[in-house]
Each structure stands twice: as C-alpha cells, then as structure tokens.
Amino acid sequence: MTYREFHRSPWLIWLLLVAVTGLSYLVGHFTGTVDTRLTGLCVLWFALLKVLCVMSEFMEMRGAAPWLRRLGVAWLGGLGALMSVSYLT
C-alpha cells in the first residue's frame, strides 16, 4: 500500500474518530468537576466534529455537489449552535 492509498483510506478517519473519542473522554474525566457546562460543550463539539468526519468520508459528502456539502456543514453548524445555546440556558 502506497502513502497515497493509505492517505485516502478510511483508516485515517477511523483513527481520528478514535482519537477524538479518547480526547472527549479525557476532557470529561479530568475537567468534569471544574466547570461542567464548559466540559459538556467541549464534548458536544467533539461529537459534532466526529459527525462532520463521518458525513464527509463515510456518507460520500466529499464527492457531492458543493452546494450540498455547504448545506450539510451549515446544517450541522446550526444544530451545534442551537444545542450550545440550549445547553447554556
């Protein structure tokens, strides 16, 4: 397997998803008692980042029309903003 094939393979995205999952665990575990609202928001945005990765790689959004990609990212950003505001109030 060449570097180019490995670079385009889903293994890198999978490793990124695992790393972000571990990072969200560490943030929740070690900073959960400091400020629970900020910790919750960090974990929420880590989850939204993971959704964006899954949308772009495994749901074939990367090869979709540009307007459709922008609409998907805008929808996800709007959802994240609404959830953040709802969580903070």
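Coordinate-derived values only; no laboratory data. Everything numeric in this text was worked out from a predicted model, so none of it was measured. Glycine also receives a Cβ, built like all others from the backbone with ideal geometry; neighbour counts cover every protein chain displayed.
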query: Looking only at region 38-61, which residues are more than 8 Å from the chain's Cα centre (by Cα) and surrounded by 15 or more Cβ atoms within 10 Å (Cβ to Cβ)?
result: THR39, GLY40, LEU41, CYS42, VAL43, LEU44, MET55, SER56, GLU57, MET61
- line: Here the residues within region 53-76 that are in contact (Cβ under 8 Å) with a residue 24 or more places away in the chain and either in a helix (DSSP H, G or I) or touching a helix residue (DSSP H, G or I) at 6+ places or on another chain (Cβ under 6 Å) (or both) are CYS53, VAL54, GLU57, LEU76
query: SER86: among the polar types (S, T, N, Q), buried (at least 16 other Cβ atoms within 10 Å of the Cβ) and at negative phi, yes or no?
result: no
message: I'd like the full set of residues that are in a helix (DSSP H, G or I) and among the β-branched types (Val, Ile, Thr), limited to region 16-52.
response: VAL18, VAL20, THR21, VAL27, THR31, THR36, THR39, VAL43, VAL51
